[in-house]
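Rule-based calculations on the coordinates, nothing more; no lab input. The structure displayed is predicted, hence computed values, not measured ones. Reconstructed Cβ throughout: ideal geometry from the backbone, glycine too, with neighbour counts over all protein chains shown.
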Ligand code: F6R
């Protein structure tokens with residue numbers, strides 16, 4: 001695991017953008033794994049800037065997001081689909097047919113999980129996956145106790161996660177109780193992984209990750225078993 005300590009959120013975003021820029025330069029048709037939330041916002045802003053300045057292009061890339069809320073989808077301002085359109089997809093040259101998120105509106109959620117896994121596989125697998133980390137160590141929405149051999153699945157969000165995501169919703173009742181997320185094994189199948197963790201509220205999670213103990217009670221700890229992980233962190 002490579003650890004890069006930064007002194008600002010902007011520096012973290014810049015370094016992450018450099019890693020993705022290098023990936024796209026080496027392999028323009030890369031399959032990229034993406035995340036939502038506060039951690040990658042600065043990174044997306046920088047990728048948009050580079051794309052609009054024609055320093056990089058997503059024209060041949062494919063993307064897969066980690067997760068989506070059950071019951072949410074395109075057109076819903078609080079869906080992860082909309083988050084991605086707003087912060088990245090609408091501002092770059094990635095063809096609309098090649099960005100993917102789990103479909104939180106699917107009638108048959110189990111079938112949707114299988115479809116998503118197969119689609120990732122059919123695209124050749126994820127070359128570079130971006131991750132944030134939850135204060136409880138979750139990656140994607142794989143909460144503590146999620147099995148390391150899990151594939152894309154429907155999970156119940158913990159109270160802690162619902163609370164920390166409450167800022168995105170007008171009313172507490174509006175916070176979804178479930179999500180579809182890539183499983184731990186799906187994430188671990190990515191060839192390279194970059195994890196972003198910035199801010200005082202992430203210090204404990206980063207310290208626990210650094211301690212190296214690998215346990216399903218702290219999902220991010222599985223990353224110690226992956227050969228190419230870079231953690232960019234600071235406060
Ligand atoms: C988002 C995701 C989550 C977040 C994590 C950190 O797609 O899968 O694991 O990365 O909850 O969220 P932020 O970045 O908002 O602190």
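For each of 112, 10, count neighbouring Cβ atoms within 10 Å of the residue's Cβ, then give the residues from fewest to most.
Exposure proxy ranking, most exposed first: 10, 112.
Could you tell me the calculated FRET efficiency between residue 108 and residue 78, based on Cβ-Cβ distance and R0 = 30 angstrom, to the nearest 0.05? Mind showing how you got there, number by number?
Details: r = 23 Å, r/R0 = 0.76.
Step by step, r from the Cβ atoms, then E = 0.85.
Measure out, as a whole number of angstrom, how far apart the alpha-carbon centroids of region 71-85 and region 18-41 sit.
Result: 20 Å between the Cα centres.
Within the chain, what percent of beta bridges assigned by DSSP are antiparallel, to the nearest 5?
Working: 8 of 30 bridges.
Around 25 percent antiparallel, to the nearest 5.
Using r as the Cβ-Cβ distance of residue 211 and residue 191, and R0 as 30 Å, what FRET efficiency do you calculate, to the nearest 0.05?
Efficiency computed from Cβ-Cβ geometry: 0.70.
Taking the Cβ of each residue in 30, 211 as the centre, tally the other Cβ atoms inside 10 Å and list the residues starting with the fewest.
Values: 30 20, 211 9.
The most exposed by this proxy come first: 211, 30.
Only Cα pairs within less than 10 Å get springs; with that Gaussian network setup on the chain, which residue of 45, 26, 178 has the largest fluctuation?
In this elastic network of the chain, the residue with the biggest mean-square fluctuation among 45, 26, 178 is 26.
Modelling each spin label as a point 7 Å along the Cα-to-Cβ direction, I'd like the residue 22/residue 115 distance in nm, to one decimal.
Between residue 22 and residue 115, the label points sit 3.7 nm apart.
In what sequence do 93, 149 fall when counting other Cβ within 10 Å, fewest first?
149, 93
Compute a Gaussian network model of the chain, connecting alpha carbons closer than 10 Å, and tell me which residue from 177, 190, 213 fluctuates the most.
Taking springs between Cα atoms under 10 Å, the residue moving most is 213.
Starting from the Cα-Cα distance between residue 45 and residue 160, subtract it from 0.36 nm times their residue separation and give me the gain in nm to one decimal. Don't jump to the answer; show the numbers that get you there.
On the way: separation 115, 0.36 × 115 = 41.40 nm, distance 2.78 nm.
Once the chain is fully extended between residue 45 and residue 160, it gains 38.6 nm.
Please give the contour-minus-distance gain from residue 135 to residue 168: 0.36 nm per residue of separation, less the Cα-Cα distance, rounded to one decimal in nm. The partial results should precede the final answer.
On the way: separation 33, 0.36 × 33 = 11.88 nm, distance 1.67 nm.
Once the chain is fully extended between residue 135 and residue 168, it gains 10.2 nm.
Spin-label point model (7 Å from Cα, Cβ direction): what's the residue 55 to residue 203 distance in nm?
3.2 nm
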